[in-house]
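Q: The structure follows.
The values are calculated or read from the model by the stated rules, or taken from the named source; none is laboratory data. What you are looking at is a predicted structure, and each value in this text was computed from that prediction instead of being measured. FYI the Cβ positions are ideal-geometry reconstructions off the backbone, even for glycines, and counts take in every protein chain you see. The accessibility values were calculated without ligands, DNA or RNA, using every heavy atom of the protein model including side chains. Shrake-Rupley method; radii C 1.70, N 1.55, O 1.52, S 1.80 Å.
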Amino acid sequence: MNNDSAATLAGKDIISLKNFSNEEIRLVLDTAKEMKNIIKRDIKKVPTLRGKSIVNLFFEPSTRTRTSFELAGKYLSADVVSINTSASSVVKGESLRDTLYTIEAMGVDAIVMRHKAEGAADFASRVVKPVIINAGDGAHAHPSQALLDLFTIEQAKGELNGLKIAIVGDILHSRVARSDIAGMTKMGLDIHLAGPKTLMPRFFNIDGVTIHERVEDAIKDADVINVLRIQLERQQAGLFPSMREYARIFGINDERLKLAKDDVLVMHPGPQNKGLEISTAVTYGEHSAIREQVQNGVAVRMALLTLALTGKKVD
Ligand code: NCD
């Protein structure tokens, strides 16, 4: 680990990995490694963020992301409040701007935010002073998920550069795919996308990314497969003819897995539509890193909060 690294995330709003340098991504991954040791201790508490306060402001449903940001803050001794917007003044019509002003006035240091509108986190970073961490804005970005995906791959494979990853499914509506692509191209992964034509962005031309029509071509000899949830809630009618058809043509099952490398790692950001994009056998099978992703999510979010709120690392 390079303690002399010039990279620092102090005070940085974490909106999209497009705004991250390779050194900054490296700093997060190395710091997450130290954080993972803390999570494994009997007493998972360090004083790093004592006296800091964090608000989780989620306008969209979440299990993993919200809980892991909350635990991450608590393990670091910050005061953390999670606002359930369906029980807040948002239902009385309070605007996003006024909700942010209200939280800012209480003296918080960071706001972790999820919103259905693309650009919502960027907007927040322009109107209030606390550090803004984007926990998902529409189909645009989900940077902490991409960082935990990178961390999970590096932990399992020992490296990132040159690995072949297949990202399979609903690319069009996936903020995870967008952030994965932004981070993974920077870290030297060879990215292959596959999914129905109707769920693939139409204009897509990025160095290091290949698009396939057949999932078999994308996963052939892959080191990693990232299976995406079919985002039924973001789709308009007509994009998706039949669940059974999708599972048959694109679903990741044991048979298809044989095309990948023998030690292929299977990831899924969750929540899963089992039997649709992924089979139950693969989810619980020997190649699955889905549980590790969840644990690593806490470590990576501890790293992000520490780096953004103190600029320092923990020992
Ligand atoms: C993802 C999300 O919300 O974008 N889930 C997550 O954060 N673990 C993916 C999804 O909802 O499909």
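Q: Heavy atoms only, probe 1.4 Å: what % of the accessible area of the range 143-292 goes to carbon and sulfur, would you let me know?
A: Carbon and sulfur together cover 49 percent of it.
Q: Now, a different point. I need the per residue convex hull volume for the chain, using only the alpha carbons, in cubic angstrom as a whole number.
A: Given the Cα convex hull of the chain, per-residue volume reads 135 Å³.
Q: How many Å² of accessible area per residue for the range 143-292, probe 1.4 Å?
A: 45 Å²
Q: Whole Å is fine, so just give me how far the alpha carbon centre of the range 70-133 lies from that of the range 176-235.
A: 30 Å
Q: In nm, to one decimal, how far is the modelled label at TYR101 from the one at LYS129, with both set 7 Å along Cα→Cβ?
A: 1.6 nm
Q: Still on this model: Filter the cross-link list LYS45/LYS74; LYS36/LYS186; LYS52/LYS74; LYS45/LYS129; LYS18/LYS197; LYS164/LYS258 down to pairs whose alpha-carbon distance in this structure exceeds 19 Å.
A: Pairs exceeding 19 Å: LYS36/LYS186; LYS45/LYS129; LYS18/LYS197.
Q: Using every alpha carbon pair in the range 1-66, what percent of pairs falls into each 10 Å bin from 0 up to the bin containing the largest distance?
A: For the range 1-66, the binned pair fractions read 14, 36, 44, 6 percent.
Q: Here's something else I'd like to know. Report the gain in length on full extension from GLU94 to LYS220: 0.36 nm times residue separation, minus Cα-Cα distance, nm rounded to one decimal.
A: Contour length minus the Cα-Cα distance gives 40.4 nm.
Q: I need the GluC sites (Glu not before Pro) found in the range 243-300, filtered to DSSP loop residues with at most 14 other beta carbons within 10 Å of theirs. It would help to have the intermediate numbers written out before the result.
A: Working: sites: GLU245, GLU255, GLU277, GLU286, GLU292; in loops: GLU277, GLU286.
Sites meeting the loop and neighbour criteria: GLU286.
Q: Here's another thing I want to ask about it. With a cut-off of 8 Å between alpha carbons and a minimum separation of six or more residues, what is the relative contact order of the range 111-245 in percent?
A: The normalised contact order for the range 111-245 reaches 22 percent.
Q: Please return the longest stretch of the chain lacking exposed loop sites, where chymotrypsin sites (Phe, Trp or Tyr not before Pro) count only if DSSP places them in a loop and at most 16 other Cβ atoms lie within 10 Å.
A: It works out to 1-202.
Q: Project the alpha carbons of the range 143-292 onto their principal axes and report the range along each, largest first, in whole Å.
A: Sorted largest first, the three principal extents are 42, 34, 27 Å.
Q: In percent, how large is the relative contact order of the chain, given Cα pairs closer than 8 Å and 6 or more residues apart? Provide the component values of the computation, followed by the final result.
A: Working: 605 pairs, mean separation 69.6, N = 315.
Taking the mean separation of contacting Cα pairs over the length of the chain, I get 22 percent.
Q: Could you calculate the contour length gain from ARG248 to LYS274, that is, 0.36 nm times the residue separation minus the distance between their Cα atoms, to one decimal place in nm?
A: Extra length from ARG248 to LYS274 when fully extended: 8.1 nm.
Q: Quick one: dipole size for the range 143-292, taken about the Cα centre, charges +1 on Lys/Arg Cβ and -1 on Asp/Glu Cβ, in debye to the nearest 20.
A: Numbers: 18 positive and 21 negative charges, 107 e Å.
Roughly 520 debye, rounded to the nearest 20.
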